[in-house]
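J.: Take a look at the following structure, please.
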Amino acid sequence: MSGAPARVLGRRCFRCGAGTGRGLFSQRFARIEGGSVLDGYQVVACERCGTAFADGVPEQAALDRYYRELSKYENPVTAGVESPADGERFAEVARELVPFVPPHARILEIGCAGGGLLAALRDLGLPDVHGVDPSSACAAAAVRNHGLEARAGTLWDTGHPPGSFDLVVLIAVLEHLRDVGRAMRALRAMLRPGGLLHLEVPDATRFAEFAEAPYQQFSVEHLNYFSPASLAGLAAAHGFSPVASWRAVREVGRQSREPVVAATFRLSDRPPDAPDDVDGPRALETYIALSAQREAPLRRRAEAIAGRGEPLLVWSVGTQALRLVANTALGEAPIVAFVDSNPRYVGKSVRGRPIVSPNDLAGRLEPILIASTNYEREILSTIRERLRLGNDVLTLAGDGS
Ligand SMILES: [Zn+2]
């Protein structure tokens with residue numbers, strides 16, 4: 001793959017502005033009709049600086065609409081209250097960040113979801129915290145559950161006057177954006193002179209080390225694949241000097257671990273030069289090769305399942321399921337319905353088959369395929385213990401219990 005010729009990109013490199021890159025991988029998904037913002041993209045590395053990102057993605061306005069209207073981060077079941085594991089993760093992020101923040105700093109978090117991180121910062125003695133989130137239900141949960149000042153808004157329109165903050169925080173946001181350069185200019189404008197910017201993104205140099213489902217990092221939402229070098233380079237290109245940078249592993253959900261790079265920067269007149277990204281694209285190639293290896297048995301499994309010719313329920317419309325439906329024999333299986341616990345997806349469809357809620361399964365006799373490696377145990381326990389269903393269960397690994 002290293003020998004792939006450079007080609008003209010539809011999306012310019014957000015770090016250096018170059019318009020050519022090298023293709024690393026072509027990702028493709030089945031669409032959630034009325035619920036997907038994209039059905040695939042090319043993973044590319046900038047020819048000039050090595051920064052890796054997805055090309056062939058929708059305009060930022062379409063992404064903004066998706067996060068406003070189809071947010072999967074709202075959880076009506078728990079009314080936006082974070083789980084104990086989420087609480088621990090927010091406390092960990094807050095503890096790491098606090099040493100760099102002056103005590104009376106006015107802080108804004110963009111993409112604050114239910115407000116868990118801001119509440120953790122407040123608990124550590126930083127009272128002047130504010131949040132915005134594209135989902136008004138998330139912002140309302142932050143107000144209701146934590147008594148925070150939070151509002152519906154985006155990077156492009158926070159509802160706060162320019163130059164209002166000493167620190168702006170974005171955790172797991174930058175990898176979701178198409179217009180990254182425009183975002184960095186907007187972030188600059190939010191800060192007071194000498195203000196701080198704290199960013200945390202998945203660390204592409206460690207995708208292989210923490211690989212779960214194949215190609216999972218090339219998800220239906222992640223459009224940029226940062227390394228410590230490309231993150232520092234992006235910041236430098238927009239007038240930010242490094243203050244501190246570290247690597248961490250975040251527990252996401254019960255069974256998933258995400259390697260991240262976290263970095264704090266200061267607004268500066270003379271940011272340092274940052275090196276090109278060599279490690280990022282190389283590590284992505286390793287991850288892609290590993291994913292191909294791990295997907296081979298799943299392809300054979302999909303063929304075996306489709307070969308049964310038997311009507312089937314497929315549980316999950318996540319990244320892995322949508323990839324398998326688009327790229328393996330699972331797409332030819334007689335799927336009668338998809339099942340997902342996220343109420344945002346219920347009532348929509350994939351390839352004309354309805355997405356139903358777990359509560360709609362009573363009385364259905366078809367076998368259920370759990371099409372998620374990461375959540376297999378949780379889904380199995382929902383089927384057997386909460387719903388008490390006796391349906392045959394198939395897993396991606398083999399016949400389940
Ligand atoms: Zn570049």
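Read-outs: derived from the displayed coordinates by stated rules, not from any lab. Predicted model only: the values in this text are computed from it and were never measured. No Cβ is skipped: glycine too gets one built from the backbone with ideal geometry, and neighbour counts run over all protein chains shown.
J.: With +1 on the Cβ of every Lys and Arg and -1 on the Cβ of every Asp and Glu, and nothing else charged, how large is the dipole of segment 7-162 about its Cα centre, in debye rounded to the nearest 20? Spell out each step's value before the answer.
T.: Working: 17 positive and 19 negative charges, 127 e Å.
Dipole size: approximately 600 debye.
J.: 222 nm [θ] for the chain, helices only, -39500 (n - 2.57) per DSSP H run of 4+, per residue, to 500? Kindly include the intermediate steps, with their values, before the conclusion.
T.: Values: 9 runs with 109 residues, N = 401.
Using -39500 (n - 2.57) per qualifying helix, the result is -8500 deg cm²/dmol.
J.: Cα gyration tensor of segment 6-54, axes a ≥ b ≥ c as square roots of the eigenvalues: rounded (a/c below 1.5), prolate (a/b > b/c) or oblate? Walk me through the numbers before you get to the answer.
T.: Values: a/c = 3.22, a/b = 2.30, b/c = 1.40.
Since a/c reaches 1.5 and a/b is larger than b/c, the shape of segment 6-54 is classed as prolate.
J.: For each of Asp39, Asp269, Asp86, count neighbouring Cβ atoms within 10 Å of the residue's Cβ, then give the residues from fewest to most. Intermediate values should be presented prior to the final figure.
T.: Details: Asp39 14, Asp269 7, Asp86 18.
The fewest-first ordering by Cβ neighbours comes to Asp269, Asp39, Asp86.
J.: Moving to a separate point now. Based only on other Cβ atoms within 10 Å, what is the fewest-to-most ordering of Glu310, Glu212, Glu82? Please list the in-between numbers first.
T.: Values: Glu310 13, Glu212 16, Glu82 22.
The fewest-first ordering by Cβ neighbours comes to Glu310, Glu212, Glu82.
J.: In whole Å and largest first, what semi-axes does the C-alpha gyration tensor of segment 68-286 yield when each eigenvalue is scaled by 5 and square-rooted?
T.: Numbers: eigenvalues 122, 103, 50 Å².
Its equivalent ellipsoid spans semi-axes of 25, 23, 16 Å.
J.: Restricting to segment 304-401, what percent of DSSP beta bridges are antiparallel, rounded to 5?
T.: Details: 3 of 15 bridges.
Counting DSSP beta bridges with both partners in segment 304-401, the antiparallel share is about 20 percent.
J.: Among Ala244, Ala236, Ala54, whose mean-square fluctuation peaks in a Gaussian network model of the chain (Cα, cutoff 10 Å)?
T.: Ala244
J.: On to the next question. Test of understanding: what is the full-extension gain from Ala18 to Arg48, defined as 0.36 nm times their sequence separation minus their Cα-Cα distance? Let's see the in-between values first.
T.: Details: separation 30, 0.36 × 30 = 10.80 nm, distance 0.65 nm.
Stretched fully, the Ala18-Arg48 segment lengthens by 10.1 nm.
J.: DSSP beta bridges in the chain, what fraction antiparallel, as a percent rounded to 5? Kindly include the intermediate steps, with their values, before the conclusion.
T.: Numbers: 41 of 70 bridges.
Given both bridge residues lie in the chain, the antiparallel proportion sits at roughly 60 percent.
J.: Nothing charged except the Cβ atoms of Lys and Arg (+1) and of Asp and Glu (-1): what's the magnitude of the dipole of segment 6-54 about its Cα centre? Round to the nearest 20 debye. All intermediate terms of the calculation are to be shown ahead of the outcome.
T.: On the way: 8 positive and 3 negative charges, 44 e Å.
About 220 debye.
J.: Now for a separate question. Please compute the contact order of the chain in relative form: average sequence separation of alpha-carbon pairs under 8 Å and at least six residues apart, divided by the residue count, as a percent. If you can, show how the numbers build up before the last one.
T.: On the way: 824 pairs, mean separation 58.5, N = 401.
The normalised contact order for the chain reaches 15 percent.
J.: What is the diffusion coefficient of the chain in µm²/s, taking the Kirkwood radius over Cα pairs and the Stokes-Einstein relation at 25 °C with a viscosity of 0.890 mPa s? Can you show the working numbers first?
T.: Numbers: Rh = 22.1 Å.
This corresponds to a translational diffusion coefficient of 111 µm²/s.
J.: In debye, nearest 20, what is the charge dipole magnitude of the chain about its Cα centre with +1 on Lys and Arg Cβ and -1 on Asp and Glu Cβ, if you could check? The partial results should precede the final answer.
T.: Values: 45 positive and 47 negative charges, 104 e Å.
Using Cβ point charges on Lys, Arg, Asp and Glu, the chain gives about 500 debye.
J.: Decide, for segment 298-395, between rounded, prolate and oblate: order the square roots of the alpha carbon gyration tensor eigenvalues as a ≥ b ≥ c, take rounded if a/c falls under 1.5, and otherwise choose prolate if a/b is larger than b/c, else oblate.
T.: Values: a/c = 1.43, a/b = 1.27, b/c = 1.12.
Note, shape of segment 298-395 comes out rounded.
J.: If r is the Cβ-Cβ distance from Glu303 to Ala152 and R0 is 41 Å, what FRET efficiency results, to the nearest 0.05? If you can, show how the numbers build up before the last one.
T.: On the way: r = 46 Å, r/R0 = 1.12.
Calculated value: 0.35.
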